[in-house]
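A short write-up of the structure that comes next.
The values are calculated or read from the model by the stated rules, or taken from the named source; none is laboratory data. What you see is a predicted model, and the numbers here were worked out from it, not measured in a lab. Every residue, glycine as well, gets a Cβ built from its backbone with ideal geometry; the counts of neighbours run over all protein chains shown.
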């Protein structure tokens with residue numbers, strides 16, 4: 001099978017980009033979108049030309065590194081499938097396939113098909129974690145968790161952070177991504193201590209860099225993990241609770257959780273919340 005590729009080429013972030021046309025012959029139906037780019041790059045290198053830069057890593061649909069628009073669709077024509085697992089069987093001999101980087105204001109193009117997705121990292125850094133004072137890993141069965149809650153948390157944690165939801169959204173919104181991270185931790189007892197502080201901080205960071213969600217729903221079919229719109233409802237519900245509770249003065253400040261405040265404010269290696277200040281042992 002012969003495919004005609006219209007590929008976005010851009011030398012760097014400061015240089016205007018353009019589409020360039022290439023032909024790749026000998027493509028079989030089981031070739032993935034990334035392997036198609038590999039075939040193109042091998043051809044370009046053989047001709048002494050600059051290969052196309054694109055993000056990739058595990059190529060197993062796990063890492064979330066790959067991210068390209070295929071004929072205007074994030075990852076490709078098949079729903080809930082990352083680019084590394086999209087096969088070219090959806091195309092016919094002689095078809096024109098357009099490959100371009102994520103199209104979102106929050107994802108500036110760095111080179112060719114590579115974009116800067118660090119905005120998602122900043123959302124996570126602002127609160128997408130659980131703080132705890134611990135030494136060795138705690139026994140997994142020491143804290144019983146309802147089976148339905150555990151499964152729901154795992155479903156939400158399946159988000160691989162590729163950014164397809166943002167690229168698919170007409171508004172460039174990241175609510176599906178942020179909602180999955182908030183809902184994942186909110187389902188677990190370990191996530192309750194910082195639950196409302198977390199959602200306030202993550203939403204503030206998200207809204208400073210990404211667009212607003214207006215429920216188009218384009219993000220759901222684009223998501224490789226099939227995260228549903230219910231996580232956005234979860235995000236909005238927790239955020240409203242956080243704002244109302246804060247205005248009423250019902251949310252304890254971070255310093256009210258004594259051991260957590262010390263953990264955030266200084267080096268701390270004790271795991272007992274009842275330890276008193278000044279008991280911090282020295283490392284040996």
inquiry  = Yes or no: the range 22-39 includes at least one residue that is in a helix (DSSP H, G or I) and surrounded by fewer than 15 Cβ atoms within 10 Å (Cβ to Cβ).
reply    = no
ask   = Do we find a residue being over 22 Å from residue 8 (Cβ atoms) and out of contact with any helix residue (DSSP H, G or I) (no Cβ under 6 Å at 6 or more places or on another chain) anywhere in the range 98-113?
value = no
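Of all residues being part of a helix (DSSP H, G or I) and either surrounded by fewer than 14 Cβ atoms within 10 Å (Cβ to Cβ) or not assigned by TED's automatic domain parsing to the domain that holds residue 234 (or both) in the range 140-189, which is nearest to the chain's Cα centre (by Cα)? Just the residue, please. Even if it seems obvious, please write down each step before you answer.
Of the range 140-189, the ones part of a helix (DSSP H, G or I) are 147-157, 164-168, 175-186, 189.
Restricting the remaining residues to those that are either surrounded by fewer than 14 Cβ atoms within 10 Å (Cβ to Cβ) or not assigned by TED's automatic domain parsing to the domain that holds residue 234 (or both) gives 147-151, 154, 189.
Details: 147: 25, 148: 24, 149: 22, 150: 21, 151: 20, 154: 15, 189: 23 Å.
That would be 154.
Rundown of residues vs (1) modelled with pLDDT under 95; (2) touching a strand residue (DSSP E or B) at 6+ places or on another chain (Cβ under 7 Å); (3) within 19 Å of residue 59 (Cβ to Cβ), yes/no style:
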residue: 98; (1), (2), (3): no, yes, no
residue: 111; (1), (2), (3): no, no, no
residue: 116; (1), (2), (3): no, yes, no
residue: 127; (1), (2), (3): yes, no, no
remark   = Subset of the range 190-218, residues assigned to a helix (DSSP H, G or I) and under 22 Å from residue 163 (Cβ atoms), comes to 198, 199, 201, 202, 203, 204, 205, 206, 207, 208, 209
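Whether any residue in the range 160-170 is without any contact (Cβ under 8 Å) to a residue 24 or more places away in the chain and more than 26 Å from residue 58 (Cα to Cα) is what I want to check. Give the steps one after another, and end with the answer.
To start, the set of residues in the range 160-170 that are without any contact (Cβ under 8 Å) to a residue 24 or more places away in the chain comprises none.
For the range 160-170, residues without any contact (Cβ under 8 Å) to a residue 24 or more places away in the chain and more than 26 Å from residue 58 (Cα to Cα): absent.
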